[in-house]
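The structure under discussion appears below in the form of structure tokens.
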Amino acid sequence: EGNQRTERAIETAQQRSHNSGSQLHQLSCASFIQPSLINHSRPTLYRSPSQLFHPPTKQPRMHPSARAHARFTLRMRLAALLLLPLQACAFTTMSPTGSVAARASSQLQGLPFGIGDKGNSIDKGFNILEVATTVVPQGRIVGTAKGSLNFVWKRMMTELAPQDKSGLYQRPKVDFGGVIGSAEHPLERNRYQVYLGNPCPWCHRVQLVINVLGLDEDLVGVTNLIDDPIKASRGGWIFRSKEDSKLNVRDMREMYDKLTGGSYKGRCTAPALVDLKSQTIVANESPDILRMLPKLLELRATTSDDEKSHSNAQSSSQLTTLVPPELESYIDETNAWVYQLLSNGVYQCGFSTTQQAYDAAFRNV
């Protein structure tokens, strides 16, 4: 039905061309049916490769009726382009055996887009430039397309990685204000769960501290996330199953929404330390989580077994070895410049959208 409409439109255009006696009309109709019929001697219908990349400053004037027909031709091609997926879908749905699909393929080859020349596998695109440049200079079309793609890319990057005006990535920080050992989050076994993703270096340091301290599953559980931005509703972290999440959710976005009552509007990042009993997020910044984890070792000293209590008391007495009081200020100072210049610097390089921002981040690294 779509092809019949196209044929009727072509016949109408040809009739108009015949009535007006315009040779330009006839050539335009012929190019609509079969691009190879274009008269290459006509500068208004064809440009050499050198002219394509260096278009003349002044376009040859077209007859008003030819200009109107060129617009009509462009609209018809765009309409057929939009209907193409629906038409192909309808054909394949009607006959899964492939007979109707073959019929669809043969009809698609007849469409004036150069996407299926009979007996030819060469892809010539949609011929949009060929038609549009009879009305609008190619430089303006290409510039608009390039600018639009660049704008969309920058908007996507800014949403994924917030930036300042110079294009430099600025990591957002959200302080949930939770502290293990406080009244809201008391020391208790089987209460805390940490969510980590192997591709994330911020998660690596949390996993390293858990391993170094020898924290058992009853002190803090660990859920390993999967990085799959296609299946994730936002960001990239998903769970292997709802049961694996401990919260009956599918991904980190659902977890953040559930634990904050839908009030959280930031990025759903890992690592994240969660209080399963109070159903709240304790912290989602690795430095904060690292300072809290050693406190869980105090739970080992509460066992009734004297021998275990003695050995665990030794482990508890070694808590300060991770952050000795005499070195705490030096550790904080070192962490500050390592984070700003190196750890966060590599992210700023990768997420930069301007050369100036990239150069600044690169110098820091």
- [ ] Could you calculate the contour length gain from Lys265 to Lys165, that is, 0.36 nm times the residue separation minus the distance between their Cα atoms, to one decimal place in nm?
- [x] 33.8 nm
- [ ] For the stretch 253-265, just list the computed ³J(HN,Hα) in residue order, Karplus coefficients 6.51, -1.76 and 1.60, θ = phi - 60°, integers in Hz, with x standing in for Gly and Pro.
- [x] 5, 5, 5, 4, 4, 5, 7, 10, x, x, 7, 7, 10
Open item on the list: Please report the accessible area of Ile331 (heavy atoms, 1.4 Å probe, ligands and nucleic acids excluded) in Å², nearest 10.
Closed with: 40
Open item on the list: Residues of the stretch 332-365 with backbone nitrogen within less than 14 Å of a virtual label 7 Å along the Cα-to-Cβ line of Met157, please, listed as ranges.
Closed with: 347-362
Open item on the list: How far apart, in nanometres, would the label points at Gln340 and Arg363 be if each is projected 7 angstrom from Cα along the Cα-to-Cβ direction?
Closed with: 1.5
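Over the stretch 117-230, what is the mean sequence separation of C-alpha contacts under 8 Å (at least six apart), divided by residue count, expressed as relative contact order in percent? Before the final figure, lay out the partial values.
Numbers: 62 pairs, mean separation 20.3, N = 114.
Rounded, it is 18 percent for the stretch 117-230.
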TODO: Would you mind counting up the charge near Tyr192? Only other residues with Cβ under 11 Å from its Cβ, with Lys and Arg at +1 and Asp and Glu at -1.
DONE: +1
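With the cut-off at 25 Å, tell me which of the pairs Lys231/Lys265; Lys231/Lys277; Lys154/Lys231; Lys242/Lys277 have Cα atoms farther apart than that. All intermediate terms of the calculation are to be shown ahead of the outcome.
On the way: Lys231/Lys265 20 Å; Lys231/Lys277 28 Å; Lys154/Lys231 23 Å; Lys242/Lys277 17 Å.
Listed pairs above 25 Å: Lys231/Lys277.
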- [ ] Hey, can you find the accessible area per residue of the stretch 123-233 for me, probe 1.4 Å, expressed in square angstrom?
- [x] 59
Task: Separation in nanometres of the label points that stand 7 Å from Cα toward Cβ, at Gln355 and Val323 - done: 4.4
Open item on the list: When the expected Rg is taken as 2.2 N^0.38 Å, what fraction or multiple of it is the alpha-carbon Rg of the stretch 171-299?
Closed with: 0.97
Task: Theoretical FRET efficiency, 1/(1+(r/R0)^6), r = Cβ-Cβ of Asn211 and Leu149, R0 56 Å, to 0.05 - done: 0.80
Task: Distance (nanometres) between label positions extended 7 Å along Cα→Cβ at Arg8 and Asp257 - done: 4.6
TODO: Could you pull out every residue, at least 5 positions away or on a different chain, whose amide H is within less than 5 Å of the one on Phe176? Hs are placed 1.01 Å off N in the peptide plane, and Pro or chain starts have none.
DONE: Asn284
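The values are calculated or read from the model by the stated rules, or taken from the named source; none is laboratory data. Treat the numbers as computed from the prediction; the structure is a model and nothing was measured. Note that we place each Cβ from the backbone using ideal geometry, even for glycine, and neighbour counts take in every protein chain shown. Accessible surface areas use protein heavy atoms only, side chains included; no ligands, DNA or RNA. Shrake-Rupley method; radii C 1.70, N 1.55, O 1.52, S 1.80 Å.
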